[in-house]
Number of protein chains: 2
Amino acid sequence: MRSTMMDAPLLVSRILEHGSTVHGTADVATWTGAGSSRMTYAQVGATAAQLAHALRDDLGVTGDQRVATFMWNNAEHLVAYLGVPSMGAVLHTLNLRLFPDQITYIANHAEDRVVIVDSTLIPLLAKVLPAMSTVEHVVVVGGGDVAPLGDSAAVHRWDDLLRDKPERFDWPALDERDAAALCYTSGTTGHPKGVAYSHRSIWLHSMQVCAPEGFGLSPADRELAIVPMFHAMSWGIPFAALMSGASLIMPDRFLKGEPIAQMIEVERPTKAGAVPTIWTEVLSYLDTHDVDVSSLKEVIVGGSACPPALMAAFKERYGIEIIHAWGMTEMSPLGSVSRTPAGATGEAAWGYRITQGRVPAGVAARIVGPLGERMPADGRSVGELEVRGPWTTSRYIGEEIPDPEKFRDGWLRTGDVGTLSADGFITLTDRAKDVIKSGGEWISSVELENALMAHPAVLEACVVGVPDERWDERPLATVVLREGATASAEELREFLGERVARWQLPERWAFIEAVPKTSVGKFDKKQVRSSYAAGALDVTEVTR
Amino acid sequence: MRSTMMDAPLLVSRILEHGSTVHGTADVATWTGAGSSRMTYAQVGATAAQLAHALRDDLGVTGDQRVATFMWNNAEHLVAYLGVPSMGAVLHTLNLRLFPDQITYIANHAEDRVVIVDSTLIPLLAKVLPAMSTVEHVVVVGGGDVAPLGDSAAVHRWDDLLRDKPERFDWPALDERDAAALCYTSGTTGHPKGVAYSHRSIWLHSMQVCAPEGFGLSPADRELAIVPMFHAMSWGIPFAALMSGASLIMPDRFLKGEPIAQMIEVERPTKAGAVPTIWTEVLSYLDTHDVDVSSLKEVIVGGSACPPALMAAFKERYGIEIIHAWGMTEMSPLGSVSRTPAGATGEAAWGYRITQGRVPAGVAARIVGPLGERMPADGRSVGELEVRGPWTTSRYIGEEIPDPEKFRDGWLRTGDVGTLSADGFITLTDRAKDVIKSGGEWISSVELENALMAHPAVLEACVVGVPDERWDERPLATVVLREGATASAEELREFLGERVARWQLPERWAFIEAVPKTSVGKFDKKQVRSSYAAGALDVTEVTR
């Protein structure tokens, strides 16, 4: 039996239309270094229409052609976020922090036809533009010299292009499953891989961002969106703001502790979102300056776990709640938010706060063991986290068949290992590739490392899985001792034995000068494994 | 360009699965007259699976067959709400307050195959069951004599049927646009008309009910769902509760002021929803008894506007915010909620509170004038409200072509007349059929009545449109004077002239003994018009 409900597609243009009329007096403030420039959502709607006219009539953008952005968080980027998908074109947010060859690879792979760029980013774009083979037009927002962009593409000024364009656009009726926006992930190996969000997935994801168990956005909110709009659709905040009527505060290129603290004092956000590292800087600025941050009640952090000490410091000194969220570019990106369940207080509440959070109805989650077996959601059984739902990708762009390393039976393999509790809270401990597969069981390298680093003599400990004839893999512990400290492998193994199950204890130990690190400062486990394979480590065997 | 997002359908079974696992410890409390019985959402999930097994295996329910409920608000009704659509069958909530011939018409029109009934409602069902020609099975919840049900259908006991059934069901993969539930509206003329909600519309509507600008439901909430589950899917609260993890408190058949007040004291709801009339009763009980209602922060009222005095009394005496919501069975039903915008205080806030509320992104709204022309959303221009969106119906069940009286160009004509403000707030004044169409303009009969009833001599005033050669229609004012009071038509017309535009002033006046009323106590305007047409009124003409 078919329903009688209207066949009303979930389109970004409807979010834009709603936000720019019903919430037309809400606004986006863009930090200029000294105060803000301001654009109401009514103006966002009018400017988005002008942009669509300019792209279609002047630059010849038709159908689902890709329009890229190479921009900081600001009002014009917000206009592009809403306007480009609304006209049926596909928004592609280029991550300006990637290596130049990754940026050009991505632009070429997506076949970007237009790039909108902040004038402050012209020097950066100039380096990669000549290698972008499909880009025909560059639109520059703001003043400044455009000469470095050369002549590989036609260069236009945003203001010139939009001037006198109509402030209304007859947004087309689209299929809600059409692509609305692209985002590429920069894996550690191989080329970046892209996902294509649909109008439908953006709508459903936005509703979840607005939900009380999401970010809880309403017209009473002013959201400071620090997470760059070139990262994972800026967690969906730009769309959710227009949907809910929450005003936005955008930091543009001012991402240090001091300007963020100033923005909070001047623009009085109620909520904010950013990676934890920025909040460390903000905290140290607040601790040494007199800044009024009383408007800010809640900060969502994602990207990596927040140090508990930072969470406690913000709460105790400034009354600001820091809340974990977890997600992936492949998930639009919101996967979970760690709001404490009603009734949990003290230690119990803290136990929830440090998890990656609880999944909403739109994210089904399961834990899968080393042999592909389903593990119970009991908060103890460890396995790889797999997810599915209407805002999770089923494959990467260009894949005929989903990569079995990343997808299994219609589920996304997150590559993260951890537990899922009966009440839907995710706790992640390892990347799947760093887990040690031993005799059909998984050993967490991170757990062993943390336990080892609690020993007073240990400065750093890096644990990796190495081949073992009987068990497939066994842990190898590489240890850096503190200057002047001594400890034997036997002593450390005994210390560890008081903290983890006996079968997890490493038999192979190596004392090293320093743990090799990647370019972003993480343990380079690949290099530790190859040093071991090459016989370059002085390994002690302890099995007692 | 197609998106890479998963093709994950929005199904009621996913809401059930999420609610009964992630929020498995949340619960539904059903009032028993003295305390509550309690069922966790984990048990709701298990019982829904048992119900699905019983319906399929014992009663032979297949495909999209209709399973009706004839029930109060209780845990078993919640199980049916989730379980019946999850198995692919279609839930049909029968409104037990309708006339018997309407109930049988509806059950026959929907071709209900099973009716689940509360044992306390057996006497009522017994009256209509013999005329339900498609019903083969009746499932009785609770004890009591089933003999009155006769033998026109097989009678089963809920407990017997579900006993020993598996607590898991392999919910089928359905099309999200399949019908999940039916609801019929009892129009004032003709047969009731049905709408068929889809899994998709229920999902999207539930997300809006959960949204901060909806009911704002989270696991911290305990929602007292007084609005009967046989009315407009009980405003979507049963689905939204499982989706959000909010616990539920169900009054069963105890709908008077006293038990409701007791439920509030014992079960400590944070929020509630019901028509205004119930709150009048609750208020008078609270004012005369010592009851702790401190848990209750917010009450959503719908169905009709709440008297401002009632809103003020609850706020001042009990700290409870009464908030208007507006909707229709045709809209799942949520159309708008009147939350005050940030920054509006005092008189300005009150101006928002008394509206029908603000539309969300999922409800596009427009005002259409008497000639079918689009009116501005300026808060002043009066016309019929038309809406559209993914949880609004496009037609009634069985209609090949949508009835043009109810649908226009893909929009639902609400039959309500009023204004729409620039910031999306709806203010409704009249039913379209009661508006007076005069010379291409609309005159609000309700506005004239309210203005007239402000005159000290006037007890009641009922204004209707009557045929006029020159203007199509003109207002006729029928007036009941207070006992002992006197006032001439000239005097009343002059009084009115200070309050409304001159061209709206009635030329035709009749003093009557009493305004005829419908069975639910509303002015019976149809009868006033026919009395006038039959020349049964003593009409004075005043045109000065």
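Here are some notes:
- Within segment B:311-332, the set of residues being in a loop (DSSP other than H, G, I, E, B) and either without any contact (Cβ under 8 Å) to a residue 40 or more places away in the chain or more than 30 Å from B:Arg200 (Cα to Cα) (or both) comprises B:Gly319, B:Ile320.
- Sole exception among (1) crowded, with 23+ Cβ neighbours inside 10 Å; (2) in contact with a helix residue (DSSP H, G or I) (Cβ under 6 Å, 6 or more places away or on another chain); (3) outside any strand (DSSP E or B) for A:Gly24, by number: (1)
- Which listed residue, of B:Leu59, B:Leu129, B:Leu121, is more than 30 Å from B:Asp175 (Cα to Cα) and surrounded by fewer than 23 Cβ atoms within 10 Å (Cβ to Cβ): B:Leu121
- Residue in segment B:58-81 that is part of a loop (DSSP other than H, G, I, E, B) and touching a Gly at 6+ places or on another chain (Cβ under 7 Å) present: yes
- B:Thr345, sole failed condition from (1) over 22 Å from B:Lys406 (Cβ atoms); (2) surrounded by 15 or more Cβ atoms within 10 Å (Cβ to Cβ); (3) polar (S, T, N, Q): (2)
- Pairs where the first residue, in segment A:483-499, is β-branched (Val, Ile, Thr) and the second is outside any helix (DSSP H, G or I) and loosely packed, with under 13 Cβ neighbours inside 10 Å, C-beta under 9 Å, 6+ apart: none
- Enumeration of residues in segment A:492-522 that are farther than 20 Å from A:Arg482 by Cβ, assigned to a helix (DSSP H, G or I) and open to solvent by 50 Å² or more (accessible area, probe 1.4 Å): A:Arg502, A:Trp503
- Residue in segment A:145-155 that is more than 18 Å from A:Ser332 (Cβ to Cβ), aliphatic (A, V, I, L, M), open to solvent by 20 Å² or more (accessible area, probe 1.4 Å) and in a loop (DSSP other than H, G, I, E, B) present: yes
- Residues in segment A:30-46 that are farther than 15 Å from A:Leu255 by Cα and open to solvent by less than 50 Å² (accessible area, probe 1.4 Å): A:Met39, A:Thr40, A:Tyr41, A:Ala42, A:Val44, A:Gly45, A:Ala46.
- Residue pairs whose Cβ atoms lie under 6 Å apart, sitting 6 or more positions apart in sequence or on different chains, and linking a residue in segment B:208-234 that is touching a residue at least 60 places away in the same chain (Cβ under 8 Å) to a partner that is open to solvent by 10 Å² or more (accessible area, probe 1.4 Å) and of a type in the set (Phe, Trp, Tyr), are B:Val227/B:Trp235.
- Residue in segment A:390-399 that is of a type in the set (A, V, I, L, M, F, W, C) and more than 9 Å from every other protein chain (Cβ to nearest Cβ) present: no
- Of the candidates A:Gly389, A:Gly379, the single residue that is open to solvent by less than 50 Å² (accessible area, probe 1.4 Å), under 29 Å from B:Ser3 (Cβ atoms) and not acidic (Asp, Glu) is A:Gly389.
- Considering only residues in segment A:175-205 that are in contact with a helix residue (DSSP H, G or I) (Cβ under 7 Å, 6 or more places away or on another chain) and among the small types (Gly, Ala, Ser), the one that is modelled with the lowest pLDDT turns out to be A:Ser186.
- Pairs, first more than 7 Å from every other protein chain (Cβ to nearest Cβ) in segment B:1-13, second surrounded by fewer than 24 Cβ atoms within 10 Å (Cβ to Cβ), C-beta under 6 Å, six or more apart: B:Pro9/B:Glu176; B:Leu11/B:Leu174; B:Ser13/B:Trp171
- Restricting attention to segment B:107-118, the residues that are in contact with a strand residue (DSSP E or B) (Cβ under 9 Å, 6 or more places away or on another chain), closer than 18 Å to B:Pro192 by Cα and either open to solvent by 10 Å² or more (accessible area, probe 1.4 Å) or of a type in the set (Ser, Thr, Tyr) (or both) total 2.
- Qualifying residue in segment A:179-194 (condition: outside the structural domain of A:Glu17 (by TED's automatic domain parsing), β-branched (Val, Ile, Thr) and in contact (Cβ under 8 Å) with a residue 60 or more places away in the chain): no
- Checking each residue in segment B:401-412 for being open to solvent by 50 Å² or more (accessible area, probe 1.4 Å) and in contact (Cβ under 8 Å) with a residue 24 or more places away in the chain picks out only B:Arg408.
- Of all residues making up segment B:23-37, the number that are touching a residue at least 60 places away in the same chain (Cβ under 8 Å) and within 14 Å of chain A (Cβ to nearest Cβ): 3
- In segment A:359-384, the residues that are within 13 Å of chain B (Cβ to nearest Cβ) and without any contact (Cβ under 8 Å) to a residue 24 or more places away in the chain reach residues that are buried (at least 21 other Cβ atoms within 10 Å of the Cβ) and of a type in the set (Lys, Arg) with C-beta atoms within less than 7 angstrom, at least six apart or across chains, in these pairs: A:Ala361/B:Arg14.
- Near pairs, Cβ below 8 angstrom, 6+ apart or cross-chain, from segment A:431-457 (charged (D, E, K, R)) to any residue that is open to solvent by 70 Å² or more (accessible area, probe 1.4 Å): A:Lys437/A:Asp472; A:Glu441/A:Trp503
The values are calculated or read from the model by the stated rules, or taken from the named source; none is laboratory data. Just so it is clear, the structure is predicted and the values come from calculations on it, not from any experiment. Cβ sites come from the backbone with ideal geometry, for glycine too, and all protein chains shown count toward neighbours. Calculation scope for accessible area: heavy atoms of the full protein, side chains included, ligands and nucleic acids excluded. Shrake-Rupley method; radii C 1.70, N 1.55, O 1.52, S 1.80 Å.
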